[in-house]
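*Asks:* Sharing a structure with you now.
Just so it is clear, none of the values below were taken in a lab; they were calculated from the coordinates. Note that the structure is predicted; figures quoted are calculated from it, not measured. Positions of Cβ are generated from backbone atoms using ideal geometry, with glycine treated the same way; all protein chains shown enter the neighbour counts.
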Amino acid sequence: MLARRIIPCLDVCDGRTVKGVNFVGLRDAGDPVELAVRYAAEGADELVFLDITATVEKRQTVTDLALRVGRALDIPFTVGGGIGSVEDAASVLGAGADKVAVNSSAVARPVLIRELAEAFGSQAVVLSVDAKSNGDGWTVMTHGGRTDTGRDALDWIAEAQDAGAGEVLLTSVDADGTQTGFDTALLAAARPRVRVPLIASGGAGAPGHFAEVFAANLADAALAASLFHYGTLAIPDLKAILAAQSIPVRPC
């Protein structure tokens, strides 16, 4: 079994890290670069930065943030939010990001995924999917969780992989920020259809939540925000707990 990755996520709004519950009720969590440096020192395997207002406000992704982060870090990081073209992605990748994440723009124009994969390679293209339960399955939410597209989330994941997405970041809108555990039903439904690395997102609140998804092979990596931002759990402690349960993790 490959080592499982632990990935802090920093949702950025107006240059600050924020976090809410179910994508609303945002509160400040600190300077994103300062947090990034701290997480890298603690042993984070990667980082994800999502400008959660970029698409809604019709702004380009924070290239300046990518520059600041790139100068401060020596671990891989992904930047998403408002990337709607090859030019947008080139700006962020050129600033130092290792990958770009696409969500709303890709749903609106699926060919974007193929364009990005052809320009930069599939390994640099992360499909970010915000999925919300509709009772019978899950639909894709866009624009920071504000718009229900009515599109089946699992079908969209399959289509995006065929177009060239090299990784899937799957966030449960229902579990987001609740710290009650990852949405294992969503992950179990998605896992058979995902051929590329799958990142579980939304709901992490305790070491056992990570252990649950890794032990059941529901994800290759797990992402968390509130748990790390507010000091509930430190990355070295989490990795030590997982290692004690024979779950392979990279050393801090």
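*Asks:* Of the candidates 72, 165, 131, which one comes out as most mobile in a Gaussian network treatment of the chain with C-alpha springs shorter than 10 Å?
*Replies:* 72
*Asks:* Next question. Residue 250's amide H: which non-local residues (gap 5+, or another chain) put their own amide H closer than 5 Å, with H modeled 1.01 Å from N in plane and none for Pro or chain starts?
*Replies:* 4
*Asks:* Return the single residue from 113, 75, 157 with maximal mean-square fluctuation; model: Gaussian network over the chain, springs between Cα atoms under 10 Å.
*Replies:* 75
*Asks:* Another question about this same structure. Scan segment 180-241 for chymotrypsin sites (Phe, Trp or Tyr not before Pro) in coil per DSSP, keeping those whose Cβ has at most 14 other Cβ atoms within 10 Å, and list them by number.
*Replies:* Working: sites: 182, 210, 214, 228, 230; in loops: 182, 230.
The qualifying sites are 230.
*Asks:* Give, in nm to one decimal, the length gained when the segment between residue 90 and residue 146 is fully stretched (0.36 nm per residue of separation minus the Cα-Cα distance).
*Replies:* So the extension gain works out to 17.5 nm.
*Asks:* Lys/Arg Cβ at +1, Asp/Glu Cβ at -1, dipole of the chain taken about the Cα centre: which of 230, 90, 121 is farthest positive-ward?
*Replies:* Checking the options against the dipole of the chain, the answer is 230.
*Asks:* On to the next question. Looking at the chain, send over the antiparallel percent of its DSSP beta bridges, to the nearest 5. Each step should come with its number before you reach the end.
*Replies:* Details: 14 of 46 bridges.
Just about 30 percent of them are antiparallel.
*Asks:* If each of residue 37 and residue 136 carries a label point 7 Å out from its Cα toward its Cβ, how far apart are those two points in nm?
*Replies:* 5.2
*Asks:* Ranked highest first by the average count of other Cβ atoms within 10 Å around their residues, in what order do 197-205, 96-104 fall?
*Replies:* The packing order, highest mean first, is 197-205, 96-104.
*Asks:* Above 35 angstrom, tally the Cα pairs of the chain and express them as a % of all pairs, no decimals.
*Replies:* Considering the chain, 5 percent of its Cα-Cα pairs are separated by more than 35 Å.
*Asks:* Let me ask you something else. Could you give the alpha-carbon Rg of segment 63-210 over 2.2 N^0.38 Å, rounded to two decimals? The partial results should precede the final answer.
*Replies:* Details: Rg = 15.1 Å, N = 148, 2.2 N^0.38 = 14.7 Å.
It is 1.03.
*Asks:* Let me check against my output: what whole-number percent is the relative contact order of segment 59-174, with C-alpha pairs under 8 Å and at least 6 apart?
*Replies:* About 22 percent, as a whole number.
*Asks:* On to the next question. Rounded to whole Hz and in sequence order, give me ³J(HN,Hα) for segment 167-179 from the Karplus expression 6.51 cos²θ - 1.76 cosθ + 1.60, θ = phi - 60°, writing x for Gly and Pro.
*Replies:* 7, 10, 9, 9, 10, 7, 5, 5, 8, 3, x, 7, 6
*Asks:* May I ask which residue of 101, 75, 202 lies farthest towards the positive end of the charge dipole of the chain, with charges of +1 (Lys, Arg) and -1 (Asp, Glu) on Cβ and the Cα centre as origin?
*Replies:* It is 75, whose Cα lies furthest towards the positive end.
*Asks:* Rounded to the nearest 20 debye, what is the charge dipole size of segment 5-244 about its Cα centre when +1 sits on each Lys and Arg Cβ and -1 on each Asp and Glu Cβ?
*Replies:* 60
*Asks:* Here is a further query. Determine the relative contact order of the chain: mean sequence separation of Cα pairs under 8 Å and six or more apart, normalised by residue count, in whole percent.
*Replies:* 19
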